[in-house]
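A quick write-up on the structure given underneath.
Please treat every number below as a calculation from the coordinates, not as lab data. Computed from a predicted structure; not experimentally measured. FYI the Cβ positions are ideal-geometry reconstructions off the backbone, even for glycines, and counts take in every protein chain you see.
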Amino acid sequence: MPDKKMDKKTSDQYKKMLLKLKEEVAHDIRQMASDNSADKKDTQGDVSGHALHMADVASDMYDREFSLGLASNDRELLHKVDMALKRIEQKAFGICTECHKPIPAIRLKAIPYTETCLKCQEKIEAGR
């Protein structure tokens, strides 16, 4: 049976890709947090003396909820990236966690934090 483990050069390339993705996602989360705190300061008190319109309040609430949803998705992505980095350390990166076969390089390049091959992912999603 051929060795399923990825060579060090290839795993280092994926590690570099994952670390870059992690930094980008962390930056996005920090940006959303700072934007949200700036928005809160802007809407805490209306200095013009005019009452805020209900539609403006609803729009602001929708924007905040949307941002919170994006931040939640980003945190989930960050977790998946961390798990992929852990699999690299454990020399298990690129191996499907379901069938234990190598994940094709084309899938890893598209989704470097994936845990499963396409066939197993389809089975997982069909079971939902």
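The residue among 116, 59, 81 whose Cα reaches farthest toward the positive pole of the charge dipole of region 49-128, with charges on the beta-carbon of Lys, Arg, Asp and Glu, is 116. Amide H to amide H, with H built 1.01 Å from N, residue 95 comes under 5 Å of 103, counting only residues 5 or more places away or on other chains.
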